[in-house]
Each structure stands twice: as C-alpha cells, then as structure tokens.
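Since every read-out is calculated from the coordinates, none of them should be taken as a lab result. What you see is a predicted model; the values in this text were computed from it and never measured. Positions of Cβ are backbone-derived with ideal geometry, glycine not excepted, and every protein chain shown enters the neighbour counts.
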Amino acid sequence: MSVVVVVITGLLFLGKSFTPRPPGVAQASNNEDQFNGKPAPDFELPQLGAKGKTLKLSELKGKAVVVNFWATWCEPCKIEMPWLVDLQKKYSGEGLQIIGIAMDDTDDQTISEFAHKMGVNYPVLKGSEKVADLYGGIDGLPTLFFVDRSGKIVEHELGLRSLSVIEANIKKSLGSSESARAAATQ
Amino acid sequence: MVVLCGSLLAQQENVSSQGRSYVEFEPLNTVVVRPGVITPVQFTFHVKRGYHINSNKPTTPELIPTTLGFTPPPDLVIAKVQYPAGQLTSFPFDPTQKLSVYSGDVVVKAVIIPQRAAPTGTYTVHGEFKYQACDNNACYPPKKLPVQFDLKVSKGTRKSTRPRPNRQSPNIH
C-alpha cells in the first residue's frame, strides 16, 4: 500500500515537473494566492528626481494604490506606461495613486530622464532586491500589484495585460463608495 | 515518504525566474591550439523556445545587449569576438516597433591567440554570456550564464613555410 502511495505521488511530481508553463502568455504570478487579500508589504524607497525624498507605502493608506515594478530595459513596460499615465489622470480625483518602482541597475538620472520622457505623472522610486523579495521576488516585468484603500492587495498581474484589464483592476482597488467611506473614517 | 514527495512537489511550484535560465550553452570539445597559431573557435547558445534575447546591437540604448567575455589564462588571448546579426522582429506588445533579437541558436565566433611562449598543457577557460530575455508579454531580469571550455596548448608538428633549397646528391651530374 505504501508503495502504491509513493508511486502515485512520484507520478504526480513528474507530471508537474514536465508541464511547461507556456511563455508569451500574461499570467498571474505564482504568488497570486500568497498575496491576494493580504496586506501589501510596507516599504520605503527613495523617490527619483525628488532630492533625497522617500516614499512609504503605508503613507498612502486611504488611497487605492497601483504598485508598478518596471525597468527601462523592459519593452512591454514602455507600452503600459502611457496607459498608467492616462489612468492616473482619470482616477486621481477618486483617490488613485500609482507608484512606479524602477528595477534598473543604471544610475538614477538615466531612470529619471527616461520617466520624464515617457510623461510619467506619478512618483518613480528606485527599487531594491529587498522590496522585490517582500513582493515574492519579482519574476518578470512589468508586474502590477493593485492595493485597495485599506492596504490589501486585491489583484496581481505579471506581464503586460490589456488596458481594459488594468482599468478593471483599478476600479476593483478603488472599491465601492461604501468601502471608500469606511476607509476614510479609519 | 508522502510528506517528502509533497514537499518536493511544492518546491517545484515555487521556482521563480530568478533561478530560471532562458539560454543554454552547448558544451565544446577540447580546443587544441599551438603557440603562435591563431585558431578560430565558435560558441553555440540555444535560446529556449518562446523567448528571445536582445542582439549584441539592440535598437535602443536602454536595452541590454548580449555579450560574451572570457578570462583566459596568461599567454592566451581570445579576440575578435563576432556576434551574429540580430533578427529584426516585432512583437505582439508593439507591432509597430522592430527589435533586434536572437532566438533559437546563436553562434558567436572568436579566435584564440596563444602567445609563442604559451606553455603546453590543458587549461579550463572561464567566461560569461550576458543576456536579457523576454517573451511576448514580459521581460526577465538580466542574467550571466557561466561558460567554460577546455583548451589544450600543444607543440604539435613543426611545419616550416619557408621554401627549402633544392638538395641534390653530389653524385648526380
């Protein structure tokens, strides 16, 4: 009997090992279950182009936050960036705050100039491995975490998704007006 | 035993791109060289299916180029590293833009120049293939793939290229 159990478990293990994850398909991260519904890990990072200022995630409680991990060497990120700029304009009045976390190794000025050239209208922070690890180790870019007003992660996307999907996740993080009032009174 | 298999299964689920490699190096047979003789060599890399890497000359300066570098032993130089031309390809995330990329097999050529004083013997040469991979929707952190091959410096048979004077038997008239 124990032999049967071992064989079955072994076959399951082999099946999982040889099932390739298809590349080229945007997908939720392996860490989706690890994060959705849980508080977004807090962090404090230097803000580029802001002369020594830092930004702490927990200071944004009460707002819906989109945490965008990106890099200047990431082509899909450059497609997503103008969408995020437009969405920031569209929903800032409702309490949306997008923050970009640059995972480049290059110097701060290069990243700042790049963000400026892309018309970025939200804070850009210099990322670190430590913060990437807090978010499960960023597997690929772009990666978006959608955080609601109470500070909980409501959705998480690895890879480029369509504008409509990103906007739907933003609306989810903005929540209903009821939850907005509840968050505001906390 | 069941618990052990289960934990191994769980570990497989959690492998992230940080441990993942998108390019493999095709091992080289021992390269035999002679002191003072320039020897061509080529290195073959396989980009995994579904992924691409930037070429050595990407289309924009922010993109990370593919490079191959070595730390050869003293008296040995690896030079004239020649990369293949990139394929200009557009991707679903931006059909309007073409990127210079490698996919499939990538063959990088070089020459090995052992100095005349290079001692005979077998050496292991270490290098690094630096690349940054993407698929159709996401890009993955830059990677350094260790590369190594064995190189044998051999005296070999000395072949003179100088023309030899005709030698005639003193008995021939």
### Task
Please average, across the residues of B:59-65, the number of beta carbons from any other chain that are within 10 Å of each residue's own beta carbon, and give a whole number.
4
### Query
Which whole number gives the average count of other chain Cβ atoms within 10 Å of the Cβ atoms across peptide A:152-162?
2
#### Entry: ³J(HN,Hα) computed for each position of region A:118-124 - Karplus, 6.51 cos²θ - 1.76 cosθ + 1.60, integer Hz, glycine/proline x
7, x, 4, 10, 9, x, 10
### Query
region A:117-176: which trypsin sites (Lys or Arg not before Pro) are DSSP loop and have at most 14 other beta-carbon atoms within 10 angstrom?
none
### Task
Read phi for every residue in region B:136-150 and hand back ³J(HN,Hα) as whole Hz from Karplus 6.51 cos²θ - 1.76 cosθ + 1.60, θ = phi - 60°, with x for Gly and Pro.
6, 10, 8, 10, 10, x, x, 10, 10, 9, x, 10, 8, 8, 8
### Task
Treat each spin label as a single point 7 Å out from the Cα along the C-beta direction, and report the A:Lys90 to A:Lys130 distance in nm.
3.6
### Task
With a Förster radius of 30 Å, plug the Cβ-Cβ distance of B:His46 and B:Arg116 into 1/(1 + (r/R0)^6) and report the FRET value to the nearest 0.05.
0.25
### Message
Can you list residues from other chains, or at least 5 along the same chain, whose modelled amide H is less than 5 Å from the amide H of B:His126?
### Response
B:Thr71
### Query
Going highest first, how would you order B:25-31, A:41-47, A:61-67, A:77-83 by mean Cβ packing within 10 Å?
A:61-67, A:77-83, A:41-47, B:25-31
